[in-house]
Structures are given as structure tokens and as C-alpha cells.
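S.K.: Quick one: the structure is below, and I'll ask about it shortly.
Each value in this text was obtained by applying a stated rule to the coordinates, not by laboratory testing. It should be emphasised that the depicted structure is a prediction, and the values quoted were computed from it without experimental measurement. When we count neighbours, we look across all protein chains shown, and the Cβ atoms used for this are built from the backbone with ideal geometry, even at glycine.
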Amino acid sequence: MRYLLAIFAGILLSSNITNAQKPVQQSTSEIYHSLEKLNFLGTALYIAAHPDDENTRLISYLSNKTKARTGYLSLTRGDGGQNLIGPELRELLGVLRTQELLAARRVDGGEQFFSRANDFGYSKHPDETLKIWNKEKVLGDVVWAIRNFKPDVIINRFDHRSPGTTHGHHTSSAMLSFEAFDLANDKNAYSKQLELTETWQPQRLFFNTSWWFYGSQEKFDKADKSKMVNLDIGTYYPTLGKSNNEIAALASSQHLCQGFGRLSQRGSENEYIELLKGDMPKNAKDLFEGIDTSWSRVNGGKAVGEILYAIEKGFDFTKPSKHLPQLIEAYELLQKVDDPYWKAIKSLELRNIILNIGGLYLEASAETAFSNPGGKVKVKIEALNRSSSDIVLESISISNSDKTLQPSIALNNNEKQNFEIDLEIPETTDYTSPYWLKEKGSLGMYNVDNQKLIGKPETPRAFIAEFELDFNGKSVVFEKPVIYHYAKPDKGELFQPFEILPEATASFSDKVLIFADGKSKKIPVTVKANADNIKGSLQLKHSKGWTVDVESKPFEIANKGDEQTLIFTLTPPADEDESYISPIVKLNGKEITKELVRIEYDHVPTQSVLLPSEAKVVRLNIKKSGEHIGYIVGAGDEVPESLRQIGYIVHIIEPSTIAKGSLDKYDAVVVGIRAYNVLDELKFKQRYLFDYVEKGGNLVVQYNTAGRWGEQFENLAPYPITLSRDRVTDENSEVEIVAKKNSLVNYPNKIDTSDFNGWVQERGLYFPNEWSKEFTPILSMSDKGEPSKEGSLLIAPYGKGNYIYTGLSFFRELPAGVPGAYKLFANMLSVEKNVKPTKLN
């Protein structure tokens, strides 16, 4: 019984019904497409390492052409990447990329799963990856996913046989999948899981190969393909009005923070799948050949299938609701089948078809976007039947609540019925926040102890409305999450999650506070009210050596959504020191130490993330010259604010405003990360940047990715320079200063190797690997077992000024409060100008 309950809970909570997206109203052709999928009982699981690794063409093909239940297991949430559309990095980026993956699956028809692995950044070898990830735990997560999803076929995105040739995360995902294929059916492997699930043996394991893995199309053409399945994934779906590749392009375009928006494609296209384990299909164009994917594979399913196959064959596109009696009959029979897995899966699919085919609209919308434990909120209920079928709304209830309505009212054709429920939120209700961020994790792993949560894309919603409908004496219960449904004049109708939040949260405007001298600083702490009429106190927690003017201050806020800022005066110790401060909200006998971060973009549902509220404080003896810095923002980083922390006045420069002489007022100009990748106009302004350097300015260009312009940007620097994919991923790797007398490591701060202690995630990326004689390399570094790389920091005199190119990850180090990174960046901005101008060509 416990296993059966776990299966039902897992299916319902991992289903691809979004929690707060506009309800899908399917056309009759889309309903028919869903009916075809209902009648296919086969499962495929695609496995890779990151968001964007998945082959949306193949996932869409399996889901929409083959009609299989298709899932994507991404071992990480992409926390270690960059963000092209906003400031979110690390944990917050992982939340955003999770939602983008869910958005992609809503398009291609797949489902989404994860392991507890944390994307700690680029890794060059699976040995490193699996050590940092904790191989046993991540392997167990893959086994857990297989045992619960029960795939007939598994497809790896990457090759397990080529360690060290690509991203270590990529190869590791394939290696773990290869091992888990057999372990999932071993009762002695991860036996604790079997209290909640059961063993499972997939039939086939494939590798999604292509010419890219062979090095060239010519080599791939000559390769032995006797163990390969060849699929034409360019098929067209008349019922959807789209080709498979068009759907796939739209799905991958949901990865906006990675810049994956792309044109749709049409026409025939081959996809190759190499068999790794299991028997080779006799039909080399059918992954499921020889596997029973009919209703006959389910004990008791034959009778269900007879009804559903008949509906599919004789489907009425003009009056689909006439099939409701047969669908209800099939649903009744399905509840009697002896197969918990397929019973849960197909019951959910069938309920959705019944809703759509009957034109049924069921909604439970809270009057506000959020409430608090112990709070109350009105929930507006809407029920509408847009068919001529006889349907009675028997009852409405909300999970985790004792509130139930029993209207027992007929839902007449197109007559809307409205109700209200006064929902009381239990004091024990958990706050809404990503479950994997609830406890502090490690560099490579998120800490999740609840086995039932592992793998799920999101935290299950606390409140689900249950609508019991009667269809001529046969009862079916439909579930809808409680949402917040509203409108904005400039955006129209909107839906977002209904959330449970603390009564108040507190946050710092700056996550890193640099004390460049012994002077005190005023520290603003903002208390945000998430309830009406709150009254409490705020304490500022700090470490020994740091002092605060007053330990706590009272606050009182009348209205939910309002804020109050309290000012504390913090004095640093005399010597250099790194520490943290955190606010403690004391309210109604509770101590709240969380801050609320909202992630809001149009392409994903609004996310509320509760994180430990803290700020890093650094007492740092740092020197600098100059005052006014011009900053051209690239792909979203927090460097400008970091520079303000050490006393610079930072001016944001729009590329469109750059003209002859417009930069002369700045003591230095900084180009943000990936600026040349994302700002097309910038490359046409290069001559003005070079003019600025010629006249005595310091220009600092941070890293750009190689090969992203369609062709290498030849005018990146005043002298020849070639970007590469060279990087040093070990943040603790040894650094040698090779130009010890250069101004960059001597003025105004003396830089030594200790300044590279405490760096986070990596040293740097996309270093130049070729440069002209005018450049001087400053540093040398490498990952273990690799030759030294000297392209992380280059400087060249040009005219009276200096051009500096750096691939060092300042965009990570400065927001993390790394003292040495601040000193080195101050030196780049303050570097001494040339005494003897360089003759220009």
C-alpha cells in the first residue's frame, strides 16, 4: 500500500501540469493528439547533465510521433552557468533554469526530472566531477529516477566511453546512466529506496550520437551503423499544424537565459541512436520494436483499450463531447486494473482528456498572491461546463484544509457557477520555496533528505482544490492547484502560484560590503511585510571584532507588501578580516532569518525563493586611483556595484551614446562580460574605445566567448589577439605571477599569490591563446595535469593608455567578496599610464 501511495503521489506531483500558467484549452485536434498518446503505453527517458543539453528534437519526436511518455533527467539545474537576461547566478540561476526547462517540456510534451547534483562549474574530467558530486548519491538519484519513471528505453545525450574529451559533467551523466541501467533492477542496490518503489529493468540503452562525436561528417558517413537506429525527426503533425523540428525549436528557445532563442526548422532530418545495452530492434526505425506498448501490457487493460481505441478510430472532431460516456466508462474500468504505475499515469491523462473534451473549466483562485502560516484567504471557485452532457458538481474541497463545499448542483451548458471558500492556513504549513535550497548543501550536492522529493522539478504545492463531478452516477475527482489569477493593464490576464511566505523577511541591498578603511558604515536593512499590521524588532547579528551601534531596532508596518528600512552603523576591526552579518526578524514569538527573492520573467511563472539573509563584510586595506569609471554592461553581472563598494563612482554607458570624445571624462572604462557577444552595436564603436585608450585611458575588457559572432571578431583589441576555449576550472589551482615588475601587480596594491586564495568556482575562462608581441601576460595558471596557460590577464600599451583583456572570473569573485580580486581589479583601473606613447599604425 505504501508503494502504491508513493506511485500516485509521485505521478501527480511530477506531472507536467504547470502550477501557475494559463490553463491550456485544447482544440479538438489537440484532444485527438492526447487521445493517441493515451493509447500508447511506452516510456522513454533522456539523460544528460544540464539544462540545454537535451535534444528537444528527439524528445518531441518520442512524445509526439512515437506517442511515448517521455522524460528528461537533467542531473543538474545549471546553477554554474551565466545569465544573459538578468542578474540571477548560482542558486537563483538554477531556479530560473529549472523553470525554463519546465517551459520547454510544456512545448515538446516531455516531463522534467533532476538529481541532487549541483552544477559547480566547468569540469574537465569525470573523475573530478564524480568526486565533487558524490558519485554514490547521484548514482542513487539516477537509479531512483529509473525505478519510478520505469522507462522501456533510455537515451544518453553523451558518450560514456570518452572521459576527458568534453565537459566532465557530460561524460559523467552518461557513465552514471550506463551503470544505473542494471542497478535499477538489483534489489541489493539502494535497497532503502524499495520501501517506496520497486526494481525496474529497462529494455534498451542508447547513445544519441551524431557526426559531431566522430569529428566530421565524412568520418561519420564511414562509421559502422549496424548498431544504430535512424529516425527521421523532421516529421510533420497535421493535428498540431507543426513539424517536429518547429516544436523542438520553440522548446529550446525557452532557454532564454542561455541565449538559445533560435529560428524554427522544417524538413526531413536524420537522428542516430546507437545501442549500448539490450537487444537491437529488428526495425531500425523503431526504438520500441518488440516491446508491448498496447493496453494489453496491463493486467486488466484490454477492456479499457477496446473502448479507447474505438473512440480514437471514430473520433468526432465537431462534437467531441459525445464521447464522454465512453471515456467515463473507460475511466471506471481503469481504476480496477492491477498495475499501480500505468493506472496512475493513464488516469491522470484520461482525466485531462475528459476535462478538455467536455469543455470543463475548473479553477480555484486565491484573492491574494500569498498568505502566511496561520493566515486566512478567500479562494474563489469557478466551475463551468461547456458541453450538453449531464454533469453535477457534487463537492469542492482543498487539501490540507477541513473546508469542503457540497453544492450538489447541475452544471448546465455554459452556465458558470461561482463559490467561495475561506481557507485557513495551518500554522504548520511550510513556506513556499525550492525544496533543494531549504538546507545548506555543498559545492557539488544539494542536501535533500526527503526521498519522495528527490528528482522532482519543483516543490509540491501546499493547497490543491479537488472537484468531485458526477457523470450520470459515476464520480470522478479532478485536482487543480490553488493559484492567483489577476490582470494588469499592460499585460492582460495573468496566472501565478499561490504561495505561503513568512509574515516578514529582511534583506540587505548589498550582499558584499567592503570596508576599505577603518571608518564605520551605515548599513540599511529592509524589512518587507508579507502580512498586514506587523510589529516586531530587528536584530543585526555580527562576528567578534565588528561592532554595531545598537543591537536591535523596532519596526511596525501596517500594510502587506510595504517595506521599512532600518539603519545600523557597523564598525569594522582595525585589521583585515572577512565575516558575515545577518538580520534576525523577531515577530510574534518567531525568529525569521530569511530574505525573499522574486524571479519574474514573462516566459516562466513568478518564483519566490527564500534564502538565508546575510551579507559578507570585508575589512580590506585597498588602494586605488581615479574616481569615475565608465561601465558597458554585458551579459548581466554585478561588477558595477562591486566597484562602488570600494569607492568608485560608476557610470553605466549605453553603446548607442558612445561617440568621439564621449569617454574622455572617465578615469577608466570597463567592458562587461560577454559584451561583444550580446551587444552588436558595440563592435561598431570600437574605434572610439581605441581613441580613448590612445589619449591616455585605461580600457578593461572582460571575457567573451569564442566563436559566438559567426566569425571571430577581428577588432576586439588594438593588436591581434585570438580567443580560445582555454580555461582553468580549479579555483584553488596554483597561480604564478610571471610579470612581477609590471604595474598591474604592483600599483597601487602589491599583488602576490596569496591574493588568489578563496576564489570561487573557477579561475577564469575563454582565455586568449595567441596574442601579438605588444601584449604582456601577467599570470600563469593551469589545471592539474595540463600545461600552463598565460592568457588570463594581458596588458598592452596603446598610445598613452593601456588596453587590458582578462578572462579571470571577476564577475564571480567580486560579488563573492574575494579580497584579492578587489585588489587586482583596482590595479587594472589604476594602472600607470605610458610615459612613451606607442606609435599608431
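S.K.: Which of these values of Cα extents along the principal axes in Å was calculated from the structure shown: [x] 92, 74, 54; [y] 98, 74, 53; [z] 156, 79, 70?
M.R.: Only one option fits the structure, namely [x].
S.K.: Using the 10 angstrom Cβ neighbour count as an exposure proxy, how do Met445, Met280 rank, fewest first?
M.R.: The order, fewest Cβ neighbours first, is Met280, Met445.
S.K.: Give me Rg/Rg_expected for the range 361-500, where Rg uses Cα atoms only and Rg_expected = 2.2 N^0.38 Å with N residues.
M.R.: 1.24
S.K.: Taking R0 as 22 Å, what's the FRET efficiency between Lys553 and Thr526 from their Cβ-Cβ distance, rounded to 0.05?
M.R.: In this case the efficiency is close to 0.95.
S.K.: I've got another one for you. Quick one: angle between helix 301-313 and the longest Cα principal axis of the chain, in degrees between 0 and 90, rounded to 10, please.
M.R.: Helix 301-313 sits at roughly 80 degrees to that axis.
S.K.: When His125, His170 are ordered from fewest to most other Cβ atoms inside 10 Å of their Cβ, what list results?
M.R.: Ranked by crowding around the Cβ, least crowded first: His125, His170.
S.K.: Oh, and also: Just grab the label-to-label distance for Asn769 and Lys665, each label 7 Å out from Cα along the Cβ direction, in nm (one decimal).
M.R.: 4.3
S.K.: Only helical DSSP H runs with n ≥ 4 go in: add -39500 (n - 2.57) per run for the chain, normalise by residue count and round the 222 nm mean residue ellipticity to 500 deg cm²/dmol.
M.R.: -6500 deg cm²/dmol
S.K.: Quick check: the angle from helix 28-38's long axis to the longest principal axis of the chain, C-alpha only, nearest 10 degrees?
M.R.: 90
S.K.: Can I ask one more? Run the paramagnetic zone check for Ser27: 7 angstrom along Cα to Cβ, then residues of the range 237-270 with backbone nitrogen under 15 Å.
M.R.: Only 237-243, 247 pass the distance filter.
S.K.: Report the label-to-label distance for Asn299 and Arg351 in nanometres (one decimal), using points 7 Å from each Cα along the Cα→Cβ vector.
M.R.: 2.4
S.K.: Indicate the gyration tensor shape class of the range 698-794 (rounded, prolate or oblate), computed on the Cα atoms with a ≥ b ≥ c the square roots of the eigenvalues: a/c under 1.5 is rounded; otherwise a/b larger than b/c is prolate and the rest oblate.
M.R.: Oblate.
S.K.: Here is a follow-up. Near the amide H of Asp549, under 5 Å away, which other amide H atoms are found, from residues 5 or more places off or on another chain, if H is placed in the peptide plane?
M.R.: Counting only residues 5 or more places away or on other chains, the set is Thr569.
S.K.: Here's something else I'd like to know. For the range 653-750, what is the number of Lys pairs with C-alpha distance below 20 angstrom, counting only pairs 8 or more positions apart or on separate chains?
M.R.: Lysine pairs meeting the criterion: 9.
S.K.: Let me ask you something else. Mind running the shape call on the range 450-498? Use the C-alpha gyration tensor, a ≥ b ≥ c as the square roots of the eigenvalues: rounded below 1.5 for a/c, prolate if a/b tops b/c, oblate otherwise.
M.R.: It is oblate, given that a/c is not under 1.5 and a/b is not larger than b/c.
S.K.: Let me ask something additional. What is the Cα centroid distance between the range 534-558 and the range 29-92, reported in whole angstrom?
M.R.: Answer, in whole Å: 46.
S.K.: Report the calculated FRET efficiency for Tyr580 and Arg266 (r = Cβ-Cβ distance, R0 = 51 Å), to the nearest 0.05.
M.R.: E(calc), rounded to 0.05, equals 0.40.
S.K.: If you find the alpha carbon centre of the range 599-634 and of the range 403-465, how far apart are they in angstrom?
M.R.: The range 599-634 and the range 403-465 have Cα centres separated by 32 Å.
S.K.: Shape call for the range 594-654 from the C-alpha gyration tensor, a ≥ b ≥ c root eigenvalues: rounded (a/c under 1.5), prolate (a/b greater than b/c) or oblate?
M.R.: Oblate, since a/c reaches 1.5 and b/c is not below a/b.
S.K.: Using 0.36 nm times the number of residues separating Glu591 and Thr166, minus their current alpha carbon distance, what extension gain do you get?
M.R.: 148.3 nm
S.K.: Can I ask one more? If the cut-off is a Cα-Cα distance under 15 Å, which aspartates and glutamates reach Lys322, setting aside same-chain residues fewer than 8 apart in sequence?
M.R.: The qualifying aspartates and glutamates are Glu312, Asp390.
S.K.: Find the centroid of the Cα atoms in the range 205-256 and in the range 495-528, then give the distance between the two in whole Å.
M.R.: 47
S.K.: Further question on the same structure: For a paramagnetic label modelled at 7 Å from the Cα of Lys219 toward its Cβ, which residues of the range 153-182 fall within the zone defined by backbone nitrogen distances under 15 Å?
M.R.: Within reach of a label on Lys219, which here means backbone N under 15 Å from a point 7 Å along Cα→Cβ, the range 153-182 contributes 159, 161-166.
S.K.: Are there trypsin sites (Lys or Arg not before Pro) in the range 737-814 that DSSP marks as loop and that have at most 16 other Cβ atoms within 10 Å, and which are they?
M.R.: Of the trypsin sites (Lys or Arg not before Pro), the ones in loops of the range 737-814 whose Cβ has at most 16 other Cβ atoms within 10 Å are Lys740, Lys741, Lys750, Lys773, Lys784, Lys800.
S.K.: Quick one: helix 2-14 against the long Cα principal axis of the chain, what's the angle to the nearest 10°, folded into 0 to 90?
M.R.: Value to nearest ten degrees: 60.
S.K.: Sorted from fewest to most neighbouring beta carbons within 10 Å, what does the list Ile47, Ile132, Ile353 look like?
M.R.: Ascending number of Cβ neighbours within 10 Å: Ile132, Ile353, Ile47.
S.K.: Of the GluC sites (Glu not before Pro) in the range 166-242, which ones lie in a loop per DSSP and count no more than 15 other C-beta atoms within 10 Å?
M.R.: Here no GluC sites (Glu not before Pro) fit, given the DSSP loop and packing criteria.
S.K.: Do the alpha carbons of any pairs in Lys376/Lys586; Lys560/Lys594; Lys219/Lys282; Lys511/Lys544; Lys438/Lys616 sit beyond 23 Å of each other, and which pairs?
M.R.: In this structure, Lys219/Lys282 exceed 23 Å between Cα atoms.
S.K.: Scan around Tyr72 for amide H atoms under 5 Å from its own, H built in the peptide plane at 1.01 Å from N, and keep only partners 5 or more places away or cross-chain.
M.R.: Tyr46, Glu111, Gln112, Phe113
S.K.: Using θ = phi - 60° and the Karplus relation 6.51 cos²θ - 1.76 cosθ + 1.60, list the HN-Hα couplings for the range 133-139 in order, rounded to whole Hz, with x at every Gly or Pro.
M.R.: Result, rounded to whole Hz: 6, 6, 3, 4, 6, 5, 4.
S.K.: Would you please name the trypsin sites (Lys or Arg not before Pro) within the range 478-549 that are DSSP coil residues with at most 11 other C-beta atoms within 10 Å of their C-beta?
M.R.: Lys491, Lys519, Lys544
S.K.: List every residue whose amide H lies under 5 Å from the amide H of Leu513, counting only residues 5 or more places away in sequence or on a different chain, with H placed 1.01 Å from N in the peptide plane.
M.R.: Here Lys616, Val617, Val618 satisfy the definition.
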